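Novice: After the structure tokens below, expect a handful of questions from me.
The values are calculated or read from the model by the stated rules, or taken from the named source; none is laboratory data. Please read all numbers here as calculations on a predicted model, not as lab measurements. Because the Cβ atoms are built from the backbone with ideal geometry, glycine has one as well, and the counts that use them run over all protein chains shown. What goes into the accessible areas is simple: the full protein's heavy atoms, side chains included, and nothing from ligands, DNA or RNA. Shrake-Rupley method; radii C 1.70, N 1.55, O 1.52, S 1.80 Å.
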Amino acid sequence: MAAVLQVLPCLARAPLRPLLLGGAVVRLASGMALAEQARQLFESAVGAVLPGPMLHRALSLDPGGGQLKVRDRSFQLRQNLYLVGFGKAVLGMAAAAEELLGQHLVQGVISVPKGIRAAMEHAGKQEMLLKPHSCVQVFEGAEDNLPDRDALRAALAIRQLAESLTADDLLLVLISGGGSALLPAPIPPVTLEEKQTLTKLLAARGANIQELNTIRKALSQLKGGGLARAAYPAQVVSLILSDVVGDPVEVIASGPTVASVHNVQDCLHILNRYGLRAALPRSVKTVLARSDSDPHGPHTCGHVLNVIIGSNALALAEAQRQAEALGYQAVVLSAAMQGDVESIARFYGLLAQVAGTCLTLAGAGASAEEAEQLHELAAELQLPDLQLKEALEAVVRARGPVCLLAGGEPTVQLQGSGKGGRNQELALRVGVELGRRPLGPVDVLFLSGGTDGQDGPTEAAGAWVMPELASQAAAEGLDVATFLSHNDSHTFFRCFRGGVHLLHTGLTGTNVMDAHLLFLRPR
Ligand SMILES: Nc1ncnc2c1ncn2[C@@H]1O[C@H](COP(=O)(O)OP(=O)(O)OP(=O)(O)O)[C@@H](O)[C@H]1O
Ligand SMILES: O=C(O)[C@H](O)CO
């Protein structure tokens, strides 16, 4: 985005302000002005789920400092507050908790990704770092999101702290995505390597996060309510930043403070589905066989309060508010965009075409056939919370600029060895879709970004596109189809127009999946 700022420094510095509809400045700089607004809205979405704001919304101390309020529950504080955490966003969450609860915290242990402290320091994000003499011990591990010896050491330290607590104590558990890999504690005789191999195989064969984490829970001492059990009889409050569609507390980071409802049959089903049952190590078979005859009986988690403090829906709601402040008719379509990236791109292409027609009432846009295709595709994608009808009705009413917002996590079937991420790949595919559809007299821009600031193994968070993308690329000698065939979207965006279409935020310190913004503005 640096290049965008160079092109339009006045817009980059300007605060959010309503559009000058039809004004000469906006029309001249149309693409860049829209892109700048898209970037600002993306940042406002991320801002709503940063550790500081989230922790401040969820927790408060009474003025005397004797009570901690979490939502509508109160907990007595008397040198009895402990903290553990695990996940990609937990360093910043712990720093925010320390800032808020400092003098009450007795001790803490967190497990966070390798190199995160250095990365945050490098980015100048002091608010994401613990104080120099913090009582919270930090373990870094799980390089490449895989459980390793360092993460195992962290998990054991977390278990030890939890087990040392008494009925007078309160354990604050900070949880975010990536927590599963950062809290590995396989049930013996299963080894770390065996668990690692099994989860890698499941992921490679296409198991979804629900399936993956069902198996992880069955083989873990701490997942599936194990951490809550270890902390009993202390009170447990889990503050959860969701990176899973629908915010299921039992799935996020494999639900260490949520009693597992799965039995061995569920696990065998999953292992069968991915052809892994026959090749299971003996240790895994032993643990699975034992799991239904657990001597402790079914576990309850009555001493636990699980609270979702950040989610994709929350982030989108903030961007929606900001879009409205800019003069857009803004509608959240879905916070559960899942499915193959190609289908999702087609969905956004059709949506732009149909919505553009509703907006301008122009004959050149979508026919009834395209509207039907859009609804059929929406049905195929099975997005549980999709507000398509409501969105199109709002567009008809709007007669002015429209912003449609969505979020979730599309899937990319990797075929090539190119460099990219699901957001850049989605944006590139949407750019192609927009270019091959008659859109009528309307400016269209689509942005897709990962809220963690890192899209796949690239340094960009995502990218934005307009309908002219493919033709402009061709004029630069870039063939979009060739880049797509190798999943090489990042290389494409780096070359295309000197990289101005890339979205760069740096690591944000949060993670609520991806955000998609589709703008339509009648000319
Ligand atoms: N060349 C590529 N093109 C498109 N997508 C890619 C490419 N390489 C990796 N990906 C995608 O990037 C994702 C992996 O990156 P990352 O580690 O950021 O994902 P994650 O851990 O699932 O995401 P997050 O932490 O953002 O929730 C996968 O969805 C993968 O399919
Ligand atoms: O850690 C995990 O299990 C995934 O990120 C989902 O929360």
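Novice: Among the residues of the range 339-354, are any outside the structural domain of Leu172 (by TED's automatic domain parsing), outside any helix (DSSP H, G or I) and open to solvent by 10 Å² or more (accessible area, probe 1.4 Å)?
Specialist: Yes, the range 339-354 contains a residue that is outside the structural domain of Leu172 (by TED's automatic domain parsing), outside any helix (DSSP H, G or I) and open to solvent by 10 Å² or more (accessible area, probe 1.4 Å).
Residue-by-condition table, conditions (1) out of contact with any Ser or Thr (no Cβ under 9 Å at 6 or more places or on another chain); (2) within 16 Å of ligand 1 (Cβ to nearest atom); (3) at pLDDT below 95:
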residue: Ala123; (1), (2), (3): yes, no, yes
residue: Leu129; (1), (2), (3): yes, no, no
residue: Val138; (1), (2), (3): no, no, no
residue: Pro147; (1), (2), (3): no, yes, yes
residue: Leu161; (1), (2), (3): yes, no, no
residue: Thr191; (1), (2), (3): no, no, no
residue: Leu201; (1), (2), (3): yes, no, yes
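Novice: Suppose we filter Gly477, Gly509, Gly431 for residues that are closer than 21 Å to Leu34 by Cβ and either of a type in the set (Val, Ile, Thr) or in the same structural domain as Tyr348 (by TED's automatic domain parsing) (or both); which single one remains?
Specialist: Only one candidate passes the filter, namely Gly431.
Novice: Say we look at the range 75-108 and pick out the residues that are polar (S, T, N, Q) and either not assigned by TED's automatic domain parsing to the domain that holds Arg159 or not in a strand (DSSP E or B) (or both); which of these is least open to solvent (accessible area, probe 1.4 Å)?
Specialist: Restricting to residues being polar (S, T, N, Q) and either not assigned by TED's automatic domain parsing to the domain that holds Arg159 or not in a strand (DSSP E or B) (or both), the top hit is Asn80.
Novice: Could you grab the pairs with beta carbons closer than 6 Å, sequence gap of 6+ or different chains, first residue in the range 223-246 and farther than 18 Å from Thr166 by Cα, second one away from ligand 1 (no atom under 16 Å from the Cβ) and among the charged types (D, E, K, R)?
Specialist: Lys223/Lys217; Gly224/Lys217
Novice: I'm checking my understanding of the structure. Among residues of the range 218-267 that are among the charged types (D, E, K, R) and more than 12 Å from ligand 2 (Cβ to nearest atom), which one is surrounded by the most Cβ atoms within 10 Å (Cβ to Cβ)?
Specialist: Here the residue is Arg229.
Novice: Keeping to the range 149-202, report how many residues are more than 16 Å from ligand 2 (Cβ to nearest atom) and hydroxyl-bearing (Ser, Thr, Tyr).
Specialist: Residues in the range 149-202 being more than 16 Å from ligand 2 (Cβ to nearest atom) and hydroxyl-bearing (Ser, Thr, Tyr): 4 in total.
Novice: Take Val236 and tell me if it is more than 16 Å from ligand 1 (Cβ to nearest atom), farther than 19 Å from Leu182 by Cα and either assigned to a loop (DSSP other than H, G, I, E, B) or among the β-branched types (Val, Ile, Thr) (or both).
Specialist: Judged against the criteria, Val236 is a match.
Novice: So which of Leu326, Leu333, Leu280 is in the same structural domain as Leu517 (by TED's automatic domain parsing) and out of contact with any Lys or Arg (no Cβ under 9 Å at 6 or more places or on another chain)?
Specialist: Going through Leu326, Leu333, Leu280 in turn, the sole match is Leu333.
Novice: Here's a follow-up. Just to verify a result, which residue in the range 461-480, among those that are part of a helix (DSSP H, G or I) and touching a residue at least 40 places away in the same chain (Cβ under 8 Å), is farthest from Cys403 (Cα to Cα)?
Specialist: So, considering only residues that are part of a helix (DSSP H, G or I) and touching a residue at least 40 places away in the same chain (Cβ under 8 Å), the one farthest from Cys403 (Cα to Cα) is Val480.
Novice: Out of everything in the range 441-460 that is part of a strand (DSSP E or B) and more than 9 Å from ligand 1 (Cβ to nearest atom), what residue ends up being surrounded by the most Cβ atoms within 10 Å (Cβ to Cβ)?
Specialist: By that ranking, first place goes to Ser448.
Novice: Here's a follow-up. I'm checking my understanding of the structure. Among residues of the range 468-498 that are open to solvent by 10 Å² or more (accessible area, probe 1.4 Å) and within 25 Å of the chain's Cα centre (by Cα), which one is nearest to Ala345 (Cα to Cα)?
Specialist: Across the range 468-498, the extreme among qualifying residues is Leu484.
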